[in-house]
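**Q** Sharing a structure with you now.
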Amino acid sequence: MAKHHRNARPSSKRTSIYDDITNKIIAELEAGRVPWVQPWGTAAAKAPLGLPQNAATSRNYSGINVLILWGAVIQHGFPSQGWLTFRQALSLGGNVRKGERGTTVVYADRFTPEDEKKRARETGEEPQAIPFLKRFTVFNLSQCENMPEEMVAVAPPPPPGQIEPKVEALIKATGIDFRIGGNKAFYVPSLDYVQVPPPAAFFEPINWHRTALHEISHASGHHSRLNRDLTGSFGSKPYFFEECIAEISSAFCCAAMGIVPTVRHSDYIGAWIDTMREDSRVIFRAASQASKAADWILSFLPDDQSSVDAIEAKTSIDRRAAA
Ligand SMILES: [Zn+2]
């Protein structure tokens, strides 16, 4: 980075946010808890399974904010995945309850220092902006009062038996070459295909769907799709980074579809902690890439009208599995 950027105001603040959040995530991992796998469906988790959402805009939070907000929901036993800023609560006719403490989320922004603008003017070059993180404070919907009733209402979970065909239709809709067979699940970047053992090989049937979403997450990184670096050889840093992305992406996809996420590679946790200790931005990058992967995958989610297609997809997968 150029010399004149060194003392730019946001950089010291930026470092501390990265460090704060990374240290929290390392502490969780060391305590045997994985931030993208929360105890959904237990007494400890009062909120329904799902991605955190801004209750005013209905937009899902993404990247590291999902991990931050899931952590807060579990830590404080909040019953909702809906979040609002102080002003948003007011604009909806309600308010944050007195004495409630907010949760800090972050947004990537860019800042162009005055001296850089001056330099650019003098040299005729484009001014270089410095990326930094902006903090925002949000409150869980349950920390607010006088909110519109429809906002507080919780959508019922998807009926049993409807999740699996939806995942299978989704896999088909991505167009990824998805093969069933063998006794190992993997993605081959050079040949661009996924292979997953037949459903019968899984002790818990839903683990087939979790595994499929993990491998589809890898496939989302192919150069014809999101173009991630998939060249890392086993045990290398790029390898562990891509595995971290696939773990988080499949957790986001699972949560969005009503499947409780699990960890596929708990034996990689040590390597992830080491990488995060060396570089406090790595989990931010992994979570951001994971959100992009999950968004790409979920964009193929069939709407409820396509349930016929979903049933067809299920039949075709069962048929191939039997072969
Ligand atoms: Zn993997």
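**Q** Within segment 53-70, can you find the residues that are touching a Ser or Thr at 6+ places or on another chain (Cβ under 6 Å) and hydroxyl-bearing (Ser, Thr, Tyr)?
**A** SER62 - this is the single residue of segment 53-70 that is touching a Ser or Thr at 6+ places or on another chain (Cβ under 6 Å) and hydroxyl-bearing (Ser, Thr, Tyr).
**Q** Right, another one. I'm trying to understand the selection: among the residues of segment 200-231, which are within 14 Å of the ligand (Cβ to nearest atom), part of a helix (DSSP H, G or I) and small (Gly, Ala, Ser)?
**A** Hits for segment 200-231 are ALA212, SER217, ALA219.
**Q** Does SER217 fit the bill of being under 30 Å from THR104 (Cα atoms), touching a residue at least 60 places away in the same chain (Cβ under 8 Å) and assigned by TED's automatic domain parsing to the domain that holds THR262? Talk me through it step by step, then tell me what you get.
**A** Numbers: under 30 Å from THR104 (Cα atoms): yes; touching a residue at least 60 places away in the same chain (Cβ under 8 Å): yes; assigned by TED's automatic domain parsing to the domain that holds THR262: yes.
So SER217 passes the test.
**Q** Filter segment 165-200 for residues that are among the hydroxyl-bearing types (Ser, Thr, Tyr) and in contact with a strand residue (DSSP E or B) (Cβ under 9 Å, 6 or more places away or on another chain); which is farthest from LEU213 (Cα to Cα)?
**A** Initial filter on segment 165-200 (among the hydroxyl-bearing types (Ser, Thr, Tyr)): 174, 187, 190, 193.
Filter once more, so that each one left must be in contact with a strand residue (DSSP E or B) (Cβ under 9 Å, 6 or more places away or on another chain): 187, 193.
Numbers: TYR187: 11, TYR193: 13 Å.
Taking the candidates together, the pick is TYR193.
**Q** State which residue pairs qualify: first residue under 18 Å from ARG87 (Cβ atoms) and inside segment 50-67, second residue of a type in the set (Gly, Ala, Ser) and assigned to a strand (DSSP E or B) in any location, beta carbons under 8 Å apart, and separation of 6 or more residues or different chains.
**A** Here the result reads GLN53/GLY82; ASN54/GLY82; ALA55/GLY82, each pair linking segment 50-67 to a residue that is of a type in the set (Gly, Ala, Ser) and assigned to a strand (DSSP E or B).
**Q** GLY258 versus (1) modelled with pLDDT of 95 or more; (2) within 18 Å of GLN53 (Cα to Cα): which is the lone unmet condition?
**A** (1)
**Q** For VAL263, which of the numbered conditions (1) among the β-branched types (Val, Ile, Thr); (2) within 16 Å of the ligand (Cβ to nearest atom); (3) farther than 28 Å from ALA169 by Cβ fails to hold?
**A** So VAL263 meets the others, but not (3).
**Q** Further question on the same structure: Given (1) within 14 Å of the ligand (Cβ to nearest atom); (2) part of a helix (DSSP H, G or I); (3) more than 17 Å from ASN65 (Cα to Cα), where does GLY270 come up short, assuming only one miss?
**A** (1)
**Q** Just to check your reading of the model, which residue among GLY182, GLY258, GLY270 is under 20 Å from TRP36 (Cβ atoms) and without any contact (Cβ under 8 Å) to a residue 40 or more places away in the chain?
**A** Numbers: GLY182 fails: under 20 Å from TRP36 (Cβ atoms); GLY258 fails: without any contact (Cβ under 8 Å) to a residue 40 or more places away in the chain.
Just a single option satisfies the conditions, and that option is GLY270.
**Q** Could you tell me whether segment 238-246 includes any residue that is buried (at least 16 other Cβ atoms within 10 Å of the Cβ), hydrophobic (A, V, I, L, M, F, W, C), farther than 19 Å from ARG285 by Cβ and touching a residue at least 40 places away in the same chain (Cβ under 8 Å)? Quick ask: steps written out before the conclusion?
**A** If we filter segment 238-246 for residues that are buried (at least 16 other Cβ atoms within 10 Å of the Cβ), which is where we start, we get 239-246.
Filter once more, so that each one left must be hydrophobic (A, V, I, L, M, F, W, C): 240-241, 244-246.
Next, only the ones that are farther than 19 Å from ARG285 by Cβ stay: none.
Scanning segment 238-246, I find no residue that is buried (at least 16 other Cβ atoms within 10 Å of the Cβ), hydrophobic (A, V, I, L, M, F, W, C), farther than 19 Å from ARG285 by Cβ and touching a residue at least 40 places away in the same chain (Cβ under 8 Å), so the answer is no.
**Q** While we're here: Determine whether segment 179-199 contains at least one residue that is assigned to a loop (DSSP other than H, G, I, E, B), within 15 Å of the ligand (Cβ to nearest atom) and of a type in the set (Val, Ile, Thr).
**A** no
The values are calculated or read from the model by the stated rules, or taken from the named source; none is laboratory data. A quick note: this is a predicted structure, and the numbers were derived from the prediction, not measured. Quick reminder, even Gly has a Cβ in these numbers, built from the backbone with ideal geometry, and neighbours come from all protein chains shown.
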